[in-house]
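The values are calculated or read from the model by the stated rules, or taken from the named source; none is laboratory data. The model shown is predicted, which means the values in this text are computed figures rather than measured ones. Positions of Cβ are generated from backbone atoms using ideal geometry, with glycine treated the same way; all protein chains shown enter the neighbour counts.
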Amino acid sequence: MYETIRTAIEDRVLTITLDRPDRLNAFTATMCEELIAAFDAADADDGVAAIIVTGAGRAFCAGADLGNGAATFDYANRPDRQSEAGSPIRADGSVDYDHPAIRDTGGRVSLRIFQSLKPVIGVINGPAVGIGVTMTLPMDIRIAADTARFGLVFARRGIVPEAASSWFLPRVVGISRALEWTATGRLFDAAEAKEGGLVRSIHPADELLGVGRALAREIADNTAPVSVALTRQMMWRGLTQQHPMEAHRLDSKLVYARGRSADAKEGVTSFLEKRAPSYPCTVSGDMPEVFPWWEEPPFTV
């Protein structure tokens, strides 16, 4: 079904594996489209309760595929970046910066992960450089192998951070750490990534996927999918709220809506009966009427 990724569902956990091991899972325009398609499919599938993203072979993702050499980031002159809508270069040589062809492919992936209705766990099994790091920032939990290395190397390649990472990275690790890592562009190890808050924990490489699956199963086995979907969006989108009253208004609506649901009844009853819950509501059919509560940005994924 896919050329650059693999997907598998087991025990309601979808594992997406970046699958170009001979190129250290380097990112391409095709991988962009396939990752977006995989997240679209996951959101539509009530059999998926959580998502893991990892890499095949010894790397997570070595960054953008540099097979185009010096033209790698010169999108106007790359055939694989030509848009059906035509060129962003106007007849007079100026650039139409609102043209769809200038859109950063990494940013499209990050925005799609941000919009996910399922929780996302990054299982960083090896080197993660450039887009290999920035695509993980909108993931909810990141764990790393003790052999992982990270690099926000953009300034060392003559470009700037992409994949909406100027928004995500300071929120994940703080502004000072974000600027240190992006201004130096240096590689750093898993220990520094953990100390800086980029990853939750570090594990031996051969144990890493099992740890990720256990986290995903803890979500899948114990929580209401609709509640998780709403909570995820409440947290991420709440980062731009200016006052706690905004959160209070939204909390009130969603607590009221969820409190009337069959899930809330099951959650309380299963607790009192000391048994595992079986939540009846689905993300595809039972999101409350106040969802979505935000105004979509001009770009769609």
#### Entry: Selection within segment 137-168 - out of contact with any Lys or Arg (no Cβ under 9 Å at 6 or more places or on another chain) and among the acidic types (Asp, Glu)
Asp146, Glu162
### Query
Going by the structure shown, is Ala101 touching a Gly at 6+ places or on another chain (Cβ under 8 Å), among the hydrophobic types (A, V, I, L, M, F, W, C), at pLDDT below 90 and outside any loop (DSSP other than H, G, I, E, B)?
yes
### Query
So Arg258 clears everything in (1) surrounded by 11 or more Cβ atoms within 10 Å (Cβ to Cβ); (2) free of Cβ contacts under 8 Å to residues at least 12 places away in the same chain; (3) more than 22 Å from Leu137 (Cα to Cα) except one condition, right? Which one?
(2)
### Message
From the list Pro88, Pro100, exactly one residue is touching a strand residue (DSSP E or B) at 6+ places or on another chain (Cβ under 6 Å), surrounded by fewer than 16 Cβ atoms within 10 Å (Cβ to Cβ) and in the same structural domain as Asp40 (by TED's automatic domain parsing). Which is it?
### Response
Pro100
### Task
Return the total of residues in segment 4-45 being charged (D, E, K, R) and more than 21 Å from Gly107 (Cβ to Cβ).
8
